1. I'm told residue A:73 meets every condition in (1) of a type in the set (Asp, Glu); (2) more than 7 Å from chain B (Cβ to nearest Cβ); (3) not in a loop (DSSP other than H, G, I, E, B) except one. Can you identify the failing condition by its number?
2. Among B:131, B:105, which is surrounded by fewer than 16 Cβ atoms within 10 Å (Cβ to Cβ), more than 19 Å from residue B:20 (Cα to Cα), at pLDDT 95 or above and touching a strand residue (DSSP E or B) at 6+ places or on another chain (Cβ under 6 Å)?
3. Taking the condition of being within 7 Å of chain A (Cβ to nearest Cβ) and either in contact with a strand residue (DSSP E or B) (Cβ under 8 Å, 6 or more places away or on another chain) or at positive phi (or both), how many residues in region B:45-60 meet it?
4. The conditions are (1) more than 14 Å from chain A (Cβ to nearest Cβ); (2) outside any strand (DSSP E or B), and residue B:121 fails exactly one of them. Which is it?
5. With the requirement that a residue be closer than 30 Å to residue B:41 by Cα and of a type outside the set (S, T, N, Q), what does region B:124-147 give you?
6. Any idea how many residues of region A:8-25 are more than 10 Å from chain B (Cβ to nearest Cβ) and free of Cβ contacts under 8 Å to residues at least 40 places away in the same chain?
7. Filter region A:85-101 for residues that are facing chain B (nearest Cβ under 8 Å) and touching a strand residue (DSSP E or B) at 6+ places or on another chain (Cβ under 6 Å); which is nearest to residue B:59 (Cα to Cα)?
8. Pairs under 7 Å by beta carbon, first residue within 29 Å of residue A:114 (Cα to Cα) and in contact (Cβ under 8 Å) with a residue 12 or more places away in the chain in region A:70-99, partner among the basic types (Lys, Arg) and surrounded by fewer than 20 Cβ atoms within 10 Å (Cβ to Cβ), six or more apart or different chains?
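The values are calculated or read from the model by the stated rules, or taken from the named source; none is laboratory data. These numbers come from a predicted model, not from an experiment. Note: ideal-geometry Cβ built from the backbone for every residue, glycine included; neighbour counts use all protein chains shown.
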There are 2 protein chains.
Amino acid sequence: MKFAEFKDGMLIKAGPVTITEAEILEFARKFDPQWFHTDPKRAAEGRWGGLIASGWHTCALAMRMAVDAALHDSESFGSPGLGEVRWRTPVRPGDTLRLEARVQGARTSSSRPDLGIITWSGRVIKQHDEGVLEMDATSLFDLSGEN
Amino acid sequence: MKFAEFKDGMLIKAGPVTITEAEILEFARKFDPQWFHTDPKRAAEGRWGGLIASGWHTCALAMRMAVDAALHDSESFGSPGLGEVRWRTPVRPGDTLRLEARVQGARTSSSRPDLGIITWSGRVIKQHDEGVLEMDATSLFDLSGEN
């Protein structure tokens, strides 16, 4: 999508992606080696009743879905940050995730007309419509035509 | 560290880790396949003057540093979420990152004495003391002795 196609209030649906135990283990061993993310046996006996994905893994998959559905062919050049992030319920091996991103605002900077700014409210949902992640984000777009 | 060792105002220093071009490409091709994260040649000609890491990759490395320095031997069992996240300046191949996490509050839940709650303010800094990431986070600890 191009910046001009994003409209206030638009709902972008992305995904699904299914996450495997091997992916959960690979991500967590690199980035979040806590036992409930890396040790299936101990996790099965622990409070979560099984292995759960690192919340950062869920965020990364949300990003992948957003890129595939909306950003990959846009003028996007980055993000200054996020608002609040909420991990609502654990993601487990075999879960199928999808992303619903609501465009809260799409505008050009008043001081820099070649800068597009989109604010989003994103929600990752798994099977049975259970919400697993909520976050607000900002994306920046280069409208100069130079990149 | 154990929950009881975290004190209000404590500064935890973690890292460093050095990020390579291969790692930036591997992460981005999986989770954030935008050209400025995945295409060194196009990125060199673009506004960033070279490849930059996905902001999610920086977050994931911050988590790894926090686990290694403070969480791996604690009673940590997860997080409900984050406050604001700010990506201040790009992370590039060869950058060396470290984490400074300030304990804003360490308390037990008033209604559940077996639940420990720590709020943090984290900052990732690269060489020359340049800040690249800031975020506030909450971690939960199981003080029941059962896990």
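1. (3)
2. That would be B:105, the only listed residue that is surrounded by fewer than 16 Cβ atoms within 10 Å (Cβ to Cβ), more than 19 Å from residue B:20 (Cα to Cα), at pLDDT 95 or above and touching a strand residue (DSSP E or B) at 6+ places or on another chain (Cβ under 6 Å).
3. 4
4. Answer for residue B:121: the failing condition is (2).
5. Here is the first cut: in region B:124-147, the ones closer than 30 Å to residue B:41 by Cα are B:124-134.
Within region B:124-147, B:124, B:125, B:126, B:128, B:129, B:130, B:131, B:132, B:133, B:134 qualify.
6. Residues meeting the conditions: 2.
7. If we take residues in region A:85-101 being facing chain B (nearest Cβ under 8 Å) and touching a strand residue (DSSP E or B) at 6+ places or on another chain (Cβ under 6 Å), then A:85 is nearest to residue B:59 (Cα to Cα).
8. Going by the 7 Å Cβ cut-off, the qualifying pairs are A:74/A:2; A:75/A:2; A:77/B:47; A:80/B:86; A:81/B:86.
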